[in-house]
1. Compute the distance from the alpha-carbon center of segment B:9-51 to that of segment A:21-78, in whole Å.
2. Looking at chain A as a GNM with Cα springs under 10 Å, which of A:Leu18, A:Leu187, A:Leu267 has the largest mean-square fluctuation?
3. Specify which residue in the list A:Val140, A:Ala81, A:Pro107 is farthest towards the positive end of the charge dipole of segment A:42-158, using unit charges on the beta carbon of Lys, Arg (+1) and Asp, Glu (-1), about the Cα centre.
4. Hey, got a sec? Which GluC sites (Glu not before Pro) in segment B:1-106 land in a DSSP loop and have at most 15 other Cβ atoms within 10 Å?
5. If we count every other residue with Cβ under 14 angstrom of B:Ala268's Cβ, Lys/Arg +1 and Asp/Glu -1, where does the sum land?
6. Please find, in a Gaussian network model of chain B (springs between Cα atoms separated by less than 10 Å), the residue of B:Gly145, B:Gly115, B:Gly211 whose mean-square fluctuation is greatest.
7. Over segment B:5-170, what relative contact order in percent results from Cα pairs under 8 Å that are six or more residues apart?
8. Between B:Arg150 and A:Asp202, how high is the FRET efficiency from 1/(1 + (r/R0)^6) when r is the Cβ-Cβ distance and R₀ = 25 Å? Nearest 0.05.
Number of protein chains: 2
Amino acid sequence: MNVERVCIVGLGLMGGSLALALRPSLTHLAIVDNNPKTLPAAHELADLATADLAEGVKDVDLVILATPVRAILKLLAQLPAIRPDGCLVMDLGSTKAEICRAMAQLPPVFAAIGGHPMCGKEMAGFANAEPGLFAGETFVLCENGRTAPRIKTAAHEIIRQIGANPLELPPQTHDEMVAAISHLPYLVSAALMQTAAAQGSDRLWQVSASGFRDTTRLAGSDPQMLLDILLTNRTAVIDQIDKLQGQIIKIKQLLLWGSDAELGDWLAETWRQHKNYQNVKRKI
Amino acid sequence: MNVERVCIVGLGLMGGSLALALRPSLTHLAIVDNNPKTLPAAHELADLATADLAEGVKDVDLVILATPVRAILKLLAQLPAIRPDGCLVMDLGSTKAEICRAMAQLPPVFAAIGGHPMCGKEMAGFANAEPGLFAGETFVLCENGRTAPRIKTAAHEIIRQIGANPLELPPQTHDEMVAAISHLPYLVSAALMQTAAAQGSDRLWQVSASGFRDTTRLAGSDPQMLLDILLTNRTAVIDQIDKLQGQIIKIKQLLLWGSDAELGDWLAETWRQHKNYQNVKRKI
């Protein structure tokens, strides 16, 4: 790689998986993490492991911010003072509009691009990291006022190396899309969990099977990550909630007043939509 | 087994899996299915394969009804005329109150019990059947006015043989529980699918990842099966929809007017509920 000296900030599921995937091709890997429990793993993996951002980003070509979104915003604000000479910056945050706005505020000596690998697990942390996490998955890139060609080249090279598929999107478009296919599914999963738990007995869990398990899987997502996501994508998320509420009301009306045929048509239409989604997904 | 002559009506995922699991221990297996595409597989598996109910249930000890719920109700109404001597009857239908009411109307020469194996896949049909489908899963049994000891014994023997765990529940309790852990998850999955499809472009599916895939998996469930479920469990399902709507409204209020701490508390509480559900499930 052209970029051989990299600092990854945040050794969680995403940063950790990226560190594992990139490690063989780097001459210098620094890891910044302020969790004392994570530091032993960081020391084993990296040339330099530290809780000090200034120490970690010293003399690297590229800084990859892999913390929850609001921490990324704070880190971006700190970079100009500790790297007055500038560097390449990329992030892996789950929402992109606020981060790209902050990137655009960096001094011109920086080159920055927003990134979001569209993969994950509900199990957070480096313990669940794996170098193959990104293979075959979509990796969104978001340009902003600081996206010089050299950071685009570096980002595409990293994406190629981890086997992901790059997709360039405007930050706002990205945030609206993930509100629909990621943040709303989380909230619905959480609402299902809360609804069942409110009437819950261990016997209810005993009767529950794989359908309940899968629809509530996202309810086990990291609360801190979700808080940052929801707070930085509030408008798009509320818009999706309104759309979902419309669908729920429609279902209730069909159950209350619809004919058997009308309800049947709605069920068949849902089935066709799911089939179409699967077909498109298979072709990608 | 004491019960050695069995007729399974409906060679779908459930009936087919049960036929595969029980086949080795039966001296006579009859399969009734009116789908011409299924009959070749039925002929291969069974001693007798037919589309004619009267032919299939002739001279068997036990009839297992494994069709969608409303078809089970019709089949139960036909049994007295074609088996005036009576027999043992069990079903695998997804809702139990209406079926158990119909079972209680059978002449006293019948002995009947409601059954519902709490497992499945979103892929319907015999092509997806497997003899191990029930192993380790909960199998609900519902007594009714015709549940004589001899059908209870037969049902428990079958459950033991397929490696499932029996759980006796009153039909109404069963229906309320599955409304919460199965029918509501389906509807929520369908609502998510409809919401995303309404704004859908292939690019939206490209960005979607495993979270969307898992939360919408149930949207691919068999529409005919779902129609019968919803029509025979309407009251409990609407009650669950109301509860879910309450949760969605609460989330929206938190996003609109809640403090960061309040939203964070709700996310953490959701996470704890999911963890508790997983822990209980693991111990079962």
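Readers should treat all values here as calculations from the given coordinates under stated rules, not as data from a laboratory. Here the structure is a predicted model, which means the values were calculated and not measured. Glycine also receives a Cβ, built like all others from the backbone with ideal geometry; neighbour counts cover every protein chain displayed.
1. 60
2. Highest fluctuation of the listed residues: A:Leu267.
3. Working it through, the farthest residue towards the positive pole turns out to be A:Pro107.
4. Working: sites: B:Glu4, B:Glu44, B:Glu55, B:Glu98; in loops: B:Glu4.
Passing both the DSSP loop test and the Cβ count: B:Glu4.
5. On the way: positive: B:Arg272, B:Lys275; negative: A:Asp222, A:Asp228, B:Asp260, B:Glu262, B:Asp265, B:Glu269.
With Lys, Arg at +1 and Asp, Glu at -1, the neighbours total -4.
6. It is B:Gly211.
7. It comes to 23 percent, rounded to a whole number.
8. Values: r = 32 Å, r/R0 = 1.26.
About 0.20, to the nearest 0.05.
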